[in-house]
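Structure record follows, encoded as structure tokens.
All of the numbers you see were taken from the coordinates with simple rules; none came from a lab. Just so you know, these numbers come straight off a predicted model, no measurement behind them. Heads up, the Cβs are rebuilt from the backbone with ideal geometry, glycines too, and the neighbour counts pull from every protein chain shown.
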Amino acid sequence: MKRGNRLFALAMVLGLGLFAGSVAMAQEAANVAGTWNLTMTGQRGTFDQTLKLEQQGDAVTGTISGRRGDSPVKGSVKGDALTFSVTRDTPRGTFTMDYKATVTGDSMKGTASNERFSLEFTGKRAGSQ
């Protein structure tokens, strides 16, 4: 009986280890480093931006460039969920846009929003087809 209990305990430990490993893998941050070409769509039409990201673990930093110039980016990626914020100084004051996207390989899709409006966007990693 003791041997049966030990085998059962060993099986439980191995099973929990495999489960914990699969959960850890599922939470691994997607690779978002690189240059992304974003297309934004809102009430005033469609426009493009370039997003350059650096990544260390789940921390993301970089620059977004477009019709309003260059602005620094700071955020994080958890699994396939990318979030970052951009704060810009404009003639009407300072405002922050919060970006949320789901990343799938070399593509992303999400929203950029602040307290006044929201835009949908898609993105492709530069060099991907």
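Under the combined filter of DSSP loop state and at most 11 neighbouring Cβ atoms within 10 Å, segment 37-127 retains these trypsin sites (Lys or Arg not before Pro): Arg44, Arg67, Arg92, Arg116. Gap in Å between the Cα centre of segment 79-110 and the Cα centre of segment 57-72? Centre-to-centre (Cα) distance: 9 Å. For GluC sites (Glu not before Pro), the sites in segment 28-121 that DSSP calls loop and that have at most 11 other Cβ atoms within 10 Å are Glu115.
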